[in-house]
Amino acid sequence: MKQILAIARLTFWEGIRMRIVLVFLIVLGFVVLRLPFALRGDETLAGRLQTFLSYSLTALGVFMSLATIFFSCATLSEEIRTRTLHMIVTKPISRIQILFGKWIGVNALNLLICVMSGSVIYGLAYYVKSQPELFSRDRVKIDDVVWTSRLAAAPTAPNFYAQADKQITEREKAGEEFLRGRKVEVESLERELRAAWRQIEPGTSRVFTFSNLKPPATEQERFQVRFRIRALPYSEFAPVTWGIVDSKTGELLDYLPTKERPEEIHQFLVRAENWVKDGEAALAVHAPFDERYPLTLYFEGDESLQILYRVGSFEANFVKVMLLILFRLAFLSALGIFFGTFVSFPVACFCVLSVFLFCLGSPFWLESIGANIGMIDPNVDPYGAWGPIVRALLVPVLKIALPNFIRYDGISVLIDGYYIDWRLLRIAALHTLGYGAALLLLPGWWIFHSREIAEVVV
């Protein structure tokens with residue numbers, strides 16, 4: 001262990017002295033310190049805070065990724081080129097200890113920089129948050145939408161499969177035959193019942209119940225209702241009357257009329273007082289009747305109507321985002337050291353930068369090869385008749401061999417106030433940190449062990 005820590009310490013101080021790392025840090029510091037005073041967002045304090053968090057954390061991730069790539073590729077390949085490594089391999093230290101020590105040293109430097117940068121970003125975000133707001137609703141949005149950590153709950157749907165199965169059974173007893181088969185008819189009827197449940201005809205109302213909500217810490221706590229509604233026939237604005245209902249007695253506690261654009265996400269806040277009881281809440285949706293232009297309202301999908309409730313703190317979410325950034329850097333550093341074992345510094349940088357771009361655009365690459373489409377006509381398939389074979393080879397590479405940095409990025413989740421699940425961190429750690437370590441310590445060690453570092457010159 002002493003040998004590994006010695007290599008890690010030397011690598012750490014090498015990174016401190018490396019000019020390119022210093023350049024990235026100076027640029028990062030200038031960008032982060034300038035952003036709070038340059039960005040205005042949507043001219044609200046909440047928008048300014050969200051914009052600063054998005055830009056500063058993205059800048060941290062990008063600049064640290066580039067610095068890590070250049071440093072990790074240089075730390076071994078340059079020592080091989082300049083023959084500095086010759087003095088190390090003659091010591092009683094194994095090749096795997098050298099690789100592991102350098103990986104620890106690179107990530108120790110990353111950890112130090114991320115802790116310092118994260119502390120500065122959090123402090124500046126707190127400074128922006130503490131600025132005077134223009135109106136009270138802006139402060140409410142900051143406290144209950146941005147500077148928080150929330151989960152989303154969809155309406156609790158009835159057991160439509162059981163209802164469909166019961167109706168099909170009754171129709172069978174009545175002598176009706178089903179040419180498509182009983183199972184297909186049950187599934188088809190289930191979809192129809194679910195669609196009818198999400199639909200509100202003109203002049204009618206429907207009550208949606210939400211369960212498993214976390215009880216509010218105080219009666220003053222606010223829950224956010226987020227919705228995206230469809231109007232049939234199409235209308236520029238869809239009037240909706242929302243009713244706050246007692247889930248136990250069915251009593252109408254309050255109501256709120258809204259008139260918003262369909263197909264867009266909207267939200268409003270509801271005080272938890274007397275509404276959320278025993279983890280349950282009820283929300284009535286009424287479609288006003290207009291003889292001139294009657295509208296049918298429809299919620300498409302579970303995410304079209306949600307209640308968001310607080311489950312944690314902004315600070316805990318912020319730490320998770322920093323961990324996701326560190327996991328990404330650990331993968332890139334392992335990749336840089338791996339390529340540094342058998343190629344020169346420029347080639348290693350090119351290889352790791354290519355992988356970095358592939359990981360950043362993983363959803364785009366999957367979509368471009370048609371991975372999300374079932375059957376593709378060979379006449380329109382960009383790969384022709386070879387399409388299924390090409391996708392069978394490329395899809396596992398893009399999904400398994402290359403981590404999806406978009407999926408393992410919690411910045412957008414943080415600024416929207418959503419809770420970052422620990423399961424995502426475990427998956428991200430396995431696919432980046434664990435995968436990088438396996439890549440470095442298995443094929444990386446084998447290549448490095450097989451390579452002749454100090455050749456005998458006669």
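May I ask for the net charge around Leu253, where only other residues with Cβ less than 12 Å from the Cβ of Leu253 are counted and Lys, Arg are +1 while Asp, Glu are -1?
Net charge in that neighbourhood comes out at -1.
For the chain, what is the calculated [θ] at 222 nm in deg cm²/dmol (nearest 500), taking -39500 (n - 2.57) for each run of four or more DSSP H residues and dividing by its residue count?
Details: 16 runs with 231 residues, N = 458.
After summing the helix terms and dividing by the residues of the chain, the value is -16500 deg cm²/dmol.
Projecting each Cα onto the charge dipole of the chain (Lys/Arg +1, Asp/Glu -1 at the beta carbon, about the Cα centre), which of Phe356, Thr68, Phe314 comes out farthest on the positive side?
Result: Thr68, furthest along the dipole toward the positive end.
Output the pairs from Lys102/Lys399; Lys259/Lys399; Lys214/Lys320; Lys320/Lys399 with a Cα-Cα distance over 31 Å in this structure; if there are none, say none.
On the way: Lys102/Lys399 28 Å; Lys259/Lys399 42 Å; Lys214/Lys320 21 Å; Lys320/Lys399 23 Å.
Result: Lys259/Lys399 exceed 31 Å.
Applying a 10 Å radius around every beta-carbon, put 69-82, 127-140 in order of their mean neighbour count, most first.
Working: 69-82: 21.9, 127-140: 12.9.
My ranking of the peptides, most packed first, is 69-82, 127-140.
Residues of the range 204-246 with amide nitrogen under 13 Å from the 7 Å Cα-to-Cβ point of Asp416?
Of the residues in the range 204-246, 226-228 have backbone N under 13 Å from the label point off Asp416.
Need the full-extension length gain, Lys277 to Val23, defined as separation in residues times 0.36 nm minus the C-alpha distance. One decimal, nm.
Length gained, Lys277 through Val23: 85.9 nm.
Quick one: net charge of Lys102's neighbours, Cβ under 10 Å, K/R +1, D/E -1?
-2
Determine which lysines satisfy two conditions relative to Lys173: a Cα distance under 28 Å, and not lying fewer than 8 residues away in the same chain.
Cα-Cα hits under 28 Å: Lys183.
Mind ordering 249-258, 103-112, 280-289 by average Cβ neighbours within 10 Å, highest first?
Values: 249-258: 11.8, 103-112: 21.4, 280-289: 19.6.
Ranked by mean Cβ neighbours within 10 Å, highest first: 103-112, 280-289, 249-258.
Under the rule of at least 5 residues apart or a separate chain, name every residue whose amide H is placed under 5 Å from the amide H of Thr204.
Those qualifying (amide H under 5 Å, at least 5 residues apart or on another chain) are Ala287.
Choose one of Ile420, Thr341, Phe24: the residue whose Cα lies farthest towards the positive end of the charge dipole of the chain (beta-carbon charges +1 Lys, Arg; -1 Asp, Glu; about the Cα centre).
The Cα lying farthest towards the positive end belongs to Thr341.
Which of these values of Cα Rg over 2.2 N^0.38 Å was calculated from the structure shown: (i) 1.26; (ii) 1.05; (iii) 1.20?
(i)
Straight-line reach from Lys129: which aspartates and glutamates fall under 17 Å, measuring Cα to Cα and dropping same-chain residues less than 8 apart?
Of all the aspartates and glutamates, those that pass the test against Lys129 - Cα under 17 Å, at least 8 places apart if same chain - are Asp42, Glu43, Asp138, Asp143, Asp144, Glu315, Asp416.
Where does helix 2-17 land angle-wise versus the long Cα axis of the chain, in degrees 0 to 90, nearest 10?
Tilt of helix 2-17: around 80 degrees.
Could you calculate the contour length gain from Ile447 to Lys214, that is, 0.36 nm times the residue separation minus the distance between their Cα atoms, to one decimal place in nm?
Taking 0.36 nm per residue and subtracting the Cα distance, the gain is 78.6 nm.
Given charges of +1 on the Cβ of Lys and Arg and -1 on the Cβ of Asp and Glu, with all other atoms neutral, how large is the dipole of the chain about its Cα centre, in debye to the nearest 20?
Computed charge dipole of the chain: roughly 1980 debye.
We did not get these values from a lab; they are worked out from the coordinates using the rules stated. Just so it is clear, the structure is predicted and the values come from calculations on it, not from any experiment. Here the Cβ is made from the backbone with ideal geometry for all residues, glycine too, and neighbour counts use every protein chain on show.
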